[in-house]
1. Could you tell me whether any residue of region 65-78 is modelled with pLDDT under 95 and among the aliphatic types (A, V, I, L, M)?
2. I'd like to check something: does region 78-89 contain any residue that is in a strand (DSSP E or B) and touching a Phe, Trp or Tyr at 6+ places or on another chain (Cβ under 7 Å)?
3. Spot the failing condition for Leu93; the list is (1) among the aliphatic types (A, V, I, L, M); (2) in contact with a helix residue (DSSP H, G or I) (Cβ under 6 Å, 6 or more places away or on another chain); (3) over 14 Å from Leu30 (Cα atoms), and only one is missed.
4. Test each condition in (1) under 16 Å from Phe22 (Cβ atoms); (2) in contact with a His (Cβ under 6 Å, 6 or more places away or on another chain) for Val87 and report the one that comes out false.
5. What is the one condition in (1) touching a residue at least 40 places away in the same chain (Cβ under 8 Å); (2) more than 18 Å from the chain's Cα centre (by Cα) that Thr118 does not satisfy?
6. Quick one: which of Ser42, Ser58 is part of a helix (DSSP H, G or I) and touching a helix residue (DSSP H, G or I) at 6+ places or on another chain (Cβ under 6 Å)?
7. Say we look at region 40-69 and pick out the residues that are farther than 22 Å from Pro92 by Cα and β-branched (Val, Ile, Thr); which of these is surrounded by the fewest Cβ atoms within 10 Å (Cβ to Cβ)?
8. For region 20-34, does any single residue satisfy the condition of being in contact with a Cys (Cβ under 8 Å, 6 or more places away or on another chain), in a helix (DSSP H, G or I) and modelled with pLDDT under 95?
Amino acid sequence: MFGRGWRCRRGVGPAPRRVEQFVIPCILLLLRGKPAHGYALSVGMVERGFAAEPVDLSLIYRALRQMEIEGLVRSWWETGLGPARRVYAITPLGEERLATWVQDLRATHDLLERFLQTYEQGTQVGYR
């Protein structure tokens with residue numbers, strides 16, 4: 001009923017939010033600003049408040065590889081100071097996918113706002 005993110009711990013309620021489910025739209029949004037490498041994306045998620053601590057780099061790089069296969073991002077090797085590193089940029093298809101995520105998040109936001117307003121008003125929610 002509640003999808004993969006809903007788990008009860010001894011009847012207490014939902015598990016904490018999981019950033020893994022939100023990594024792809026966060027990466028696309030960060031890349032929309034400028035190309036970046038995996039570590040910068042992990043740090044950027046924390047700086048923007050998308051995660052409480054740096055996201056595991058293996059998760060970031062798995063997502064980037066999958067997004068590159070799907071054509072959402074492109075990459076190249078950047079050489080210069082220090083070791084070479086792969087830099088990623090969003091593609092037009094990635095921009096389209098990001099816009100779809102934003103549309104879905106707005107709908108989810110509206111639903112959550114209604115839920116919270118009902119809760120805060122103390123309204124009795126029942127079935128007729």
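1. No, region 65-78 has no match at all.
2. yes
3. (2)
4. Checking Val87 against (1) under 16 Å from Phe22 (Cβ atoms); (2) in contact with a His (Cβ under 6 Å, 6 or more places away or on another chain), the one that fails is (1).
5. The number of the failed condition is (1).
6. On the way: Ser58 fails: touching a helix residue (DSSP H, G or I) at 6+ places or on another chain (Cβ under 6 Å).
The conditions single out Ser42.
7. Val46
8. no
The values are calculated or read from the model by the stated rules, or taken from the named source; none is laboratory data. Treat the numbers as computed from the prediction; the structure is a model and nothing was measured. Note that we place each Cβ from the backbone using ideal geometry, even for glycine, and neighbour counts take in every protein chain shown.
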